[in-house]
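Step one of this worksheet: look at the structure below.
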Amino acid sequence: MKKYIAEFIGTAVLTFMGCGTAMLVGCDAVNGVGYLLTALAFGLSIVACAYCIGNISGCHINPAVSLGVLMNDGMSSKDFIGYVIAQVLGGFCAALLLFAVFTLGGVTDMTGGFGSNGLAGVNGSIGAGLLVEIILTFIFVMTILGVTSKKAGHGSFGGLIIGLTLTFVHILGIGLTGTSVNPARSIGPAIMAACSGNVDPLACLWIFIVAPFIGAALAAVVWKSLNGKEE
């Protein structure tokens, strides 16, 4: 149970800090610094959580990462299900907290999307959105599998490397899809956005669930074929 609580907390922190930063600074092409601040918020959240809960749950805080670990024989099916439930609940809790914070802060226009994902950057193309998210998730999960491999020997630098990689994929992805690579980070904000009058994120939410899982599965398959079975 401690592992699941850790995953809940970690995903809540990631979503609250990352999506909250996106809500504050904006993520449009005119304000490029907003891209970097949001990317750093997501990446630094991973760094903080990795050194906080990494020794408890492994700090997946992402169902796609958990799928990659599962396919790489790094966790049981039971734990995978428990992790995913905890992660989704954590992301939703973070979206509720963002709603509370911005409401108490006097922000009445909640139609911006709570940092939710969309297809505006790819002109509404479902195919392009799927491809972007599959590629970015593939890169992210491949890095995680490599860094956490028993053969890697990165030691205490693993969390930093993974956090920087999440920042890396956000720098490109934010302008295209808002960068999900994490279904749990996408579900809560999309639901809250819909509840606040913006149904667009909910309509395309399936893309940000399906694509990260496909990208993670591909990463696990490629990693196994290149690296062989863990000792």
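Can you find a residue that is touching a helix residue (DSSP H, G or I) at 6+ places or on another chain (Cβ under 6 Å), among the charged types (D, E, K, R) and in a helix (DSSP H, G or I) anywhere in segment 7-30?
There is at least one residue in segment 7-30 that is touching a helix residue (DSSP H, G or I) at 6+ places or on another chain (Cβ under 6 Å), among the charged types (D, E, K, R) and in a helix (DSSP H, G or I).
When residues in segment 192-221 are screened for being modelled with pLDDT of 95 or more and part of a helix (DSSP H, G or I), 15 of them pass. Among the conditions (1) buried (at least 21 other Cβ atoms within 10 Å of the Cβ); (2) of a type in the set (S, T, N, Q); (3) modelled with pLDDT under 95, S149 misses just one, which is (1). Out of L24, L14, L36, L44, which single residue is touching a residue at least 60 places away in the same chain (Cβ under 8 Å), among the hydrophobic types (A, V, I, L, M, F, W, C) and closer than 18 Å to A100 by Cα? Answer to the selection: L14.
Look at (1) without any contact (Cβ under 8 Å) to a residue 60 or more places away in the chain; (2) within 22 Å of D200 (Cα to Cα); (3) of a type outside the set (D, E, K, R) and you find that I134 fails only one, number (1).
Inspect all residues belonging to segment 28-36 and state whether any of them is among the aromatic types (F, W, Y), buried (at least 21 other Cβ atoms within 10 Å of the Cβ) and in contact with a His (Cβ under 7 Å, 6 or more places away or on another chain). Within segment 28-36 (the criterion being among the aromatic types (F, W, Y), buried (at least 21 other Cβ atoms within 10 Å of the Cβ) and in contact with a His (Cβ under 7 Å, 6 or more places away or on another chain)), the answer is no, since none of the residues qualifies. Which residues, counting only those in segment 76-107, are farther than 16 Å from S196 by Cβ and without any contact (Cβ under 8 Å) to a residue 40 or more places away in the chain? Within segment 76-107, S76, S77, K78, F80, I81 meet the criteria.
Report the residue count in segment 30-50 for those that are under 12 Å from the mean Cα position of the chain (by Cα) and at pLDDT below 90.
Of the residues in that region, 0 qualify.
For segment 46-68, a residue qualifies if it is buried (at least 23 other Cβ atoms within 10 Å of the Cβ) and within 24 Å of N117 (Cβ to Cβ), and the qualifying residues are I46, C49, C59, H60, I61, N62, P63, A64, V65, S66, L67, G68.
The values are calculated or read from the model by the stated rules, or taken from the named source; none is laboratory data. Note that the structure is a prediction, hence the values are computed from the model and not measured. All Cβ positions, glycine included, derive from the backbone under ideal geometry; neighbour counts span all protein chains shown.
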